[in-house]
Structures are given as structure tokens and as C-alpha cells.
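Since the structure comes first, as C-alpha cells, the remarks are kept for the end.
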Amino acid sequence: EALKENLELRSTLLKIIPFGMNIIDKNGNILFMNELMKKNLGEDKIGKKCCEVYRDDKTQCLKCPLFREIKIGETQTIESHDMLGGRILEITHTGLIFDGKKALLEIFHDITERKQSELKLKEYSVELEETNKTKNKLFSIIAHDLRSPFNSILGLTNLLNDEYSTYSEEDKKTIVLKLKESSENAYNLLENLLAWSLTQRNGIKVKPEKIDLSEIASLQMEVFETLSNSKNIQIDNQIAPGTQAEADRNMVTTVMRNLLNNALKFSHSGGSIVITAIELNNKIEVSFNDNGVGISKDVLKDLFKSNETHSTNGTANEKGTGLGLMVCKEVVEINGGEIRVDSVEGKGSRFSFTLPAPKM
């Protein structure tokens, strides 16, 4: 009577336990299935192979305890993916005797939501870390690099204010020229900071339209006319008038401005810069070629990596932040293009970027 009561209790527990459960033999055939598992599957699967019932690809789990001898009383828990329609299950196996033979009790625990939550937490953690890096870099540039041109502007304006009458006309022209250069540097840096911060926060909106690349290049040549004249550098715009691309005008202007500024910065006095554009596989490739100082192989391989910035003084000791190329890469990619560089140290560089050709 005691044995009968014990068996009835165990049978009842097996049926009502709030987890899917079954018992399989050494060949993986299902010998027993509790009511919850039958309900979840929609029918009784006794007699079928467990892997064919539960696994999406109908193959045996690679960590299945059936690959070795069943040991009575031994418990093992495995995590199995792609179960019952893409679910993730935690399966606890325990060796026991069922109907006089060695068997495995399997208890199934659906951990799909938990795993998805863990993955989300990891993604949020990475995103938060990147956000902190962006914030720290932004503050660093504002605190250091943005201060420099404004210090120059303030110093020069104070000189003019305090000693204006003592300077010759030539000296005044020199100071005004330096004021212009410092103001342009501050403006360019602010433009890059704005563009970069927008890309980091996914706040940048692309407005593609048909744009004339030759026209944009010519406008940038005018922007840097003072700098090119001061270094006696010849800029040759060889982009044929009417050469068009399908992209955001302001973003392409930002890219051209940065690449031309870089080419001027690293070109020697008396050097030359050639701007070209060709059509390649429904793309327009724009290139800035200079015969300046070039880039070393060590710097070249990491030049466009998002977690690396490289700042080098120009041939006239011009300052930089390394931010411009990061902005170029992200803006070009947002517009559906790619950017690359070919360079030989001591001989010059060729920066090229592609944009979608206009749709017919």
C-alpha cells in the first residue's frame, strides 16, 4: 500500500510539474511525456525520437548525454538553441531507471526571453561605452583644439585694439590674414564637430539630390584660396563640368572641404593638387591627388578606424585634430559610398571616395 501511494505521488508530480518533461531511452526514443509537454506540442509524441520532435534541424544535440553511457543519479544541464521554432531551451538530464531500464529524465526550461534580455543588455553596455568615448573625445577636442584658434583670434584682436596706431599697413594686413586663418580653422573645426556628433547620435538626415561635383570642388577652391596662395600651391580641378552624383550636397561639401584642407596642409610650398572624378560601376569616384609628404604604412593601415584618430602637424606647422577623416568616412558611407587612400611616404597621397551615380 505504501509503495502504491509512493508511485501515485510520483506519477502525479510528473504530470503537474510546471515544466515540460519527458523520459527517453538510451536511443533517444520518448517513453514518457507529462501533460504540460503534451499541451505545448499539441499532441502526444511518445515513441518518437526526441531530436526529431524538439530540434528545428531534426539532428541530435551536440552536447546530448546520450553520446555516452547513462549514469543513474547523475544530472547534467545543457543549453540548446534552435528548438521548437527558434527557441532557446535549458535542458536538465538526470539518469534513472524507468520500466526496469536505464533512461534519461529531461526537464525543459524556456530561456529565450532571458537570453534575449542578456543580449540587449550587452548591446546597451557596448552602446553606452561608445557614447562615453564619443562624449570624452568631444570634450577633449572642445577643451583643447577649439581653444587654440580662439586664443589666437583673441590675442590678435587685442593686439590690433591696443597697438593699432603703431603698426604699419603691411603689419596690419599680416595680422588680419592670421585672424582670417584662425577664424577659418575654428569654423572648420566646429563644422566637423557638428557633423561628427550628429553621426554618432544617428541624428544626421541624408537629403540626396543630383549635385554638380565640379561646381562644389570649385567653391572649395575659393574657400582655401588664401591658404593655397600663401603656400604657393596650385590646385587643378579636372572634374568635367556637369559631372553629377546622387548625394547630400552639404555632406559632400564637408567631405571635399576636409580632403582639400588635408591636401593643402600636407603639401610643400610650390606643390600641386589635382581633383578628378570618373564613373565606375554606377558610382562616381572623386579623388584628391597631392605630391606632399605622404603617409607612413603604420599610420595608413589604421587611418579610417573609428577608434583611432591621427593628428599630424602640416608642412607649415598647421594644427589638426584627426577628426576630419572620421567625419569624411562616416558621411561618405551614410551616402552609400566608400572612402580609401593610397599613399607613399615622401611622394604624396591620393584620397578617393565614391558616391552613387544619378538614377536614369
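Key figures for this structure:
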{"item": "Per residue, the convex hull volume that the Cα atoms of the chain enclose (Å³)", "result": "224"}
{"item": "Residue among THR226, ALA186, LEU156 farthest towards the positive dipole end of the chain, charges placed on Cβ", "result": "ALA186"}
{"item": "Most to least packed among 327-337, 77-87 [average Cβ atoms within 10 Å]", "result": "327-337, 77-87"}
{"item": "Pairs from LYS26/LYS63; LYS210/LYS301; LYS38/LYS71; LYS120/LYS329 whose Cα-Cα separation, in the structure shown, is over 23 Å", "result": "LYS210/LYS301; LYS38/LYS71; LYS120/LYS329"}
{"item": "Only Lys, Arg (+1) and Asp, Glu (-1) charged, at Cβ; the chain dipole about Cα centre in debye", "result": "1000"}
{"item": "Size of the stretch 1-48 as Cα extents on the principal axes (Å, biggest first)", "result": "34, 24, 14"}
{"item": "Rg/Rh ratio calculated on Cα atoms of the stretch 1-106 (Kirkwood radius)", "result": "0.96"}
{"item": "Surface accessible to a 1.4 Å probe, per residue, for the residues of the stretch 1-123, Å²", "result": "64"}
{"item": "Of all accessible heavy-atom area on the chain, the percent that carbon and sulfur account for (1.4 Å)", "result": "52"}
{"item": "Cysteines, the chain, no other Cys beta-carbon under 4.7 Å", "result": "CYS50, CYS51, CYS328"}
{"item": "Rg followed by Dmax, in Å, when the stretch 238-294 is reduced to its Cα trace", "result": "12.6, 37"}
{"item": "Helix 147-163 vs. the chain, principal-axis angle (Cα, 0 to 90°, nearest 10)", "result": "20"}
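The values are calculated or read from the model by the stated rules, or taken from the named source; none is laboratory data. Keep in mind it's a predicted model, so treat the numbers as computed, not measured. Here the Cβ is made from the backbone with ideal geometry for all residues, glycine too, and neighbour counts use every protein chain on show. What goes into the accessible areas is simple: the full protein's heavy atoms, side chains included, and nothing from ligands, DNA or RNA. Shrake-Rupley method; radii C 1.70, N 1.55, O 1.52, S 1.80 Å.
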